[in-house]
Amino acid sequence: MNYLDEHILSLKAKMVDQKTANNDNVKSIPAQTQKSELDGSMFEETKLLHVENDYLTLEPITILHGEIGFYIPKSFTPMPMEQAIIKYPSEHRPKVIYTSFEETINITFNPTDTALEAEELPDFVEQMADILRSVQPIRNWLGTEMVTNCSGLSVGQIRFVAAGIDGNLYNEMLLFIHNGRVVIGSFSCLEADLEVWLPVAEYWVQSLSVLPPSAYSTNEKGMTTP
C-alpha cells in the first residue's frame, strides 16, 4: 500500500463528511482542436501528443454513465480489483482507477455525495488544501488554482510533491461539480518522471468535459469499485 495514496483518500472522505454533516513539447494538439471537442466530437478519434522525442497516443474515455469525458494514454488500463484493494485498502478508494503498465502513474475519479454550488467551489478547494498541508509528508507545495478549461468546466486544482515509499510523488487533485455534486479526480506519478508526464496531466485537465446526452459513449473502461 502506498502511504500517500491511503492518506489522500482518507482526506477526501474527511472533507466530504465535513461538508455533508504549458509545456512547449505539447505541439500536436492545437487550441482549435480542443475547442472542437465541446460538441462531443472528441469521442470519435484518438489524439497524438508530442512529448519529448516521441508521440503518445491518447484515447477518449467516458465515466459516470458516459456523462464525463476526457483523454488519457491509450496504454493505460483499469486497475485490477485485487490490486486496487491492496493499493487502496480504505473503503473510500476511488470508484474509477486507470493505471500505467508499471502501475506507477495513476488517474482516478471519485464522485461524492457532497452538494455544492458553483460559487462555493473555490472555498472548498482551499479547505481541502489546508487539510492536505496539515497531515501530508509534503516535500514541495505547488499551490492551488481555479481554472476554466477548454470545455468551459470550472476546475479546482491542488498540486504538491510528497514523500512516498518508492520516492517522492507528484500529486495533482481536481475538484469540479457535476449535477450539483463534487467529483474528485487525481493524477499521480513519481517526481522523477514528472517532466515526461506533466504534458499528459495538463491535457487530461483541459480535455475534461461534461457531455450532452447525444455524445454519451460506451467507451467506459475504467474500473468501478464496489
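The values are calculated or read from the model by the stated rules, or taken from the named source; none is laboratory data. Keep in mind the model is a prediction, meaning the values are calculated, not measured. Note: ideal-geometry Cβ built from the backbone for every residue, glycine included; neighbour counts use all protein chains shown. Quick note on the areas: whole protein, heavy atoms, side chains included, nothing else; ligands and nucleic acids left out. Shrake-Rupley method; radii C 1.70, N 1.55, O 1.52, S 1.80 Å.
Do the conditions hold for Glu172, that is, is it within 25 Å of Thr46 (Cβ to Cβ), open to solvent by less than 10 Å² (accessible area, probe 1.4 Å) and of a type in the set (D, E, K, R)? Here the answer is yes, as Glu172 does meet what is asked.
In region 150-167, the residue that is farthest from Leu190 (Cα to Cα) out of those that are among the polar types (S, T, N, Q) and crowded, with 18+ Cβ neighbours inside 10 Å is Ser151. Among the residues making up region 100-133, those that are outside any loop (DSSP other than H, G, I, E, B) and over 19 Å from Arg159 (Cα atoms) are Pro111, Thr112, Asp113, Thr114, Ala115, Ala118, Glu119, Glu120. If the condition is being among the hydroxyl-bearing types (Ser, Thr, Tyr) and in a strand (DSSP E or B), then region 134-151 contributes Thr144, Thr148. Return yes or no: is Pro89 open to solvent by 40 Å² or more (accessible area, probe 1.4 Å), in a strand (DSSP E or B) and more than 18 Å from Pro199 (Cα to Cα)? When the stated conditions are applied, Pro89 does not pass them. Just one residue in the set Trp197, Trp141 is aromatic (Phe, Trp, Tyr), farther than 28 Å from Thr77 by Cα and either within 11 Å of the chain's Cα centre (by Cα) or open to solvent by 10 Å² or more (accessible area, probe 1.4 Å) (or both); that residue is Trp141. Among the residues making up region 33-66, those that are among the hydrophobic types (A, V, I, L, M, F, W, C), within 20 Å of His178 (Cα to Cα) and at pLDDT 85 or above are Ile61, Ile63, Leu64. The residue that is farthest from Asn179 (Cα to Cα), counting only those in region 92-123 that are among the aromatic types (Phe, Trp, Tyr) and surrounded by 20 or more Cβ atoms within 10 Å (Cβ to Cβ), is Tyr98. The number of residues in region 69-82 being part of a helix (DSSP H, G or I) and either under 30 Å from Pro212 (Cβ atoms) or out of contact with any Ser or Thr (no Cβ under 8 Å at 6 or more places or on another chain) (or both) comes to 1.
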